[in-house]
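The values are calculated or read from the model by the stated rules, or taken from the named source; none is laboratory data. Predicted, not measured: the structure shown is a model, and the values here were computed from it. Every residue, glycine among them, receives a Cβ derived from its backbone with ideal geometry; neighbour counts consider all protein chains shown.
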Amino acid sequence: MPYPSISNFLSPLVLVLALVCPALAADTAETVIYDEAKQGDFGPVAPNSEPKIKISEPGVKIIKGTGVDTVDDTDQFVFEVTGDKPFDFCLIADPAEFKKLRSIDKGGKDKEIGFGSTNHKFRVPPNISKTELPPGKYHVEMYMGPPGAVGNWVCKIAIRDGGAPIDLCKVEPEPSVTEKMKQAKWPGVVSIFHGASWGNDEKYLEAIKECGFGATGCAENQLEQVRKQGMKAFVFIWPHEVTIIPPKYVNDDTVLCYYMSDRIPPSQWSAWASQEKLAWRADPHHPAVFTMYALMGGIPQFPNVVRGRLMEFYHYHWDGGRAPHMHYAILEAYRQASAANGHVPICLIAETRAEDVRKTRETIYSALAYGVRGFRTGGAGLFDVKNRDEQGRPKRTNHGEEALKFNQAIKAYSPVFEKARNVDVFHTAPLPGGTKEAPADHWVRPSGEHVILGEFADPDKSRFLMLANRDAFAAHEATLTFTDGGVKIERMDKPTGKWQPLTVEAKDNKATVKVPLEEGGGELLRVIESK
């Protein structure tokens, strides 16, 4: 998909300070004495340089600037506190991977007295906070990064006036993912086209819609074309646009989310958390997206570190070099992390396997059983751009026809996934790694070969079951046994989205139902319990 011009990435970014750092000492007068955006950038300076800023009066003095990870953006300055009173110091800089405070003695020698980092590998606080420092010269250094880091920084210096220390670094706690999810908007489940650019070819976009995709990747300048088709826009933005683009679409239901970066390793999550914070403050309804490569690990920590409103990942488990045996263990790890954080949506990048469409089908349905609510799939392999129909739309390949089928299922299942949340997942023996069987006394137990059963419930106490076939190459039959002998079972018809009754056999106060599953396929069931 097209991205914004690289020239935009290098343009200056001026942010409102209140967006990044609320007032930290509400009962103390604060005075901005230097604003980098208005008075000139801070560049590299030697610690023994002449002070750029001198402070002699009590009160909270503010020095502020903007950090953008372009070409080694390093903000440094020397300040001097005169007089004989001690002072308190705080430096908050989300976009700085590391920051230092040095004291400078009368001979010009420097000594490091404070270190902070947004990179949790350093195991230090993200901000520098010091109290009762003696007057004198000091050197502040910030290195902006890792790649993608952008945002405001603020330094606060408060000369004591005989009072107690001032907690300059006190900040309002950021809401948890669970709290953020109360405002976030996400469809029940959505299929997103990606991997090939339709550019300005609206007939190509029509073909994407006719293939059943509910959303598509796009740049901001393509958003109106997406709106015209009644689809959702998976909007690509540059990190420095996080306070520019989201505010424009905060109440726009065409926007699905803002895609910001691919393959973010755990070592960079802390820095990217600042991007999510800015995106959330600009638009609490549409999440910022940072793709994880699942095999890098750290899945349970992602919500706590980034506090993102979407967990997107890829694994490509049909690739023999990517630990295919971890497929279900990874799905389970994301399922548990989602449930522990307000059921934050999970989005999976599903690889289109050129050698066999059934492999892609198995990826989709097994992930649905685990409660995944977004799928990014597609690519040029779904359409023959040179072979068009009478309306001028590219024709679907056999992979496109398969995509249409699972996209119909995703669309039909979406109203259920809007409210229902995954409760648990069970497999039939022999068990793959990271899976389990249903307890012997569970209210429903699956049997048969290669069966996955995802259990769902919604606030109305309705129960749903998502069945999937682990075997991409052979059809199987799942048998479900219920402890309630009077239960009724319905199956969702994928093309129409209507519920159809299944035959239930009752015997010895138990009920059983048999459900055929195509190669790598799945079925959504609704359970109607007897009164």
Practice prompt. Considering only the stretch 436-475, state which residues are closer than 20 Å to HIS343 by Cα and among the polar types (S, T, N, Q).
Written response: SER462
Discussion item. Whether any residue in the stretch 122-131 is loosely packed, with under 15 Cβ neighbours inside 10 Å, under 24 Å from the mean Cα position of the chain (by Cα), of a type in the set (A, V, I, L, M, F, W, C) and over 30 Å from GLU351 (Cβ atoms) is what I want to check.
Written reply: yes
Worksheet item: So which residues in the stretch 169-191 are assigned to a loop (DSSP other than H, G, I, E, B) and of a type in the set (D, E, K, R)?
Response: LYS170, GLU172, GLU174, LYS182, LYS185
Practice prompt. Identify, from the list GLY199, GLY212, GLY217, GLY195, the residue that is surrounded by fewer than 23 Cβ atoms within 10 Å (Cβ to Cβ) and modelled with pLDDT of 95 or more.
Written response: GLY212
Discussion item. Looking only at strands (runs of 3 or more DSSP E) that lie completely in the stretch 414-497, which have at least 1 residues being closer than 21 Å to ARG335 by Cα and not basic (Lys, Arg)?
Written reply: 421-427, 444-447, 451-457, 463-469
Worksheet item: Does the stretch 265-285 contain any residue that is at negative phi, over 15 Å from the mean Cα position of the chain (by Cα) and part of a loop (DSSP other than H, G, I, E, B)?
Response: no
Worksheet item: Can you tell me which residues in the stretch 46-59 are farther than 18 Å from GLY107 by Cβ, assigned to a loop (DSSP other than H, G, I, E, B) and within 41 Å of the chain's Cα centre (by Cα)?
Response: LYS52
Worksheet item: Is it the case that GLY145 is in contact with an Asp or Glu (Cβ under 7 Å, 6 or more places away or on another chain), on the phi > 0 side of the Ramachandran plot and either outside the structural domain of PRO303 (by TED's automatic domain parsing) or not charged (D, E, K, R) (or both)?
Response: yes
Item to complete: Would you tally the residues in the stretch 343-373 being assigned to a helix (DSSP H, G or I) and in contact (Cβ under 8 Å) with a residue 40 or more places away in the chain?
Response: 12
